[in-house]
Amino acid sequence: MFSCIYSFAQKEKGDIKTVSNIMAAQVLAWNKADIKGFMDHYWNNDSLMFIGSKGVTYSWQKTYDNYVKNYPNKEAMGVLKFTVIKTEQLSKTSIYVIGKWELEKDTSAGSVTNKLAGGHFTLLWKKINNKWVIVADHTS
């Protein structure tokens, strides 16, 4: 129904491009109301850290449960848009991403209007077992 709404630099290469492509896939999953698909790229570990307005949450399962509780249906989820502000590879196994997120209301006519929520995020990505995953997400 919706195309991917994701903004990043076209000149990206290597691991940064891989992470950018994963984030684009996350946007697609979210916009299909697929929280599990969105969470596929978070580290499935009790040490996953999500920092939000209510403090720090540890573990993939608790983070997933919070998403399901706060976004119980497609209407509540809206249409997600990421705008990446800065991406930097810190090492062969670490990348951080700073960006902006917006949720807009999904109208039945297919047009997107009415901002539901928005803010900024910092993601720490690590390459674990040859897969890039988010190990820390600070979203405000």
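The values are calculated or read from the model by the stated rules, or taken from the named source; none is laboratory data. No experiment lies behind these values; they were computed from the predicted model shown. Positions of Cβ are generated from backbone atoms using ideal geometry, with glycine treated the same way; all protein chains shown enter the neighbour counts.
Points worth noting:
- Whichever residue in the range 106-140 is outside any strand (DSSP E or B) and over 21 Å from GLY37 (Cβ atoms) and, among such residues, is modelled with the highest pLDDT: SER140
- Filter pass, GLU102 being among the charged types (D, E, K, R) and either in contact (Cβ under 8 Å) with a residue 60 or more places away in the chain or surrounded by 14 or more Cβ atoms within 10 Å (Cβ to Cβ) (or both): yes
- Residues (surrounded by fewer than 12 Cβ atoms within 10 Å (Cβ to Cβ) and either of a type outside the set (Val, Ile, Thr) or touching a Cys at 6+ places or on another chain (Cβ under 7 Å) (or both)) located in the range 42-69: ASP46, SER47, SER53, LYS54, GLY55, LYS69
- Evaluating GLU12 against the criteria (1) at pLDDT 95 or above; (2) charged (D, E, K, R); (3) under 25 Å from ASN129 (Cα atoms) leaves one unmet condition, (1).
- Number of the condition not met by TRP43 [criteria: (1) within 20 Å of ALA117 (Cβ to Cβ); (2) at pLDDT 95 or above]: (1)
- Remark: pairs (first residue in the range 1-29, closer than 20 Å to LEU124 by Cβ; second residue charged (D, E, K, R) and modelled with pLDDT under 95; Cβ separation under 7 Å; 6+ apart in sequence or on different chains) = SER20/GLU12.
- Among residues of the range 63-79, those that are farther than 16 Å from ALA29 by Cβ and more than 16 Å from the chain's Cα centre (by Cα), counted: 3
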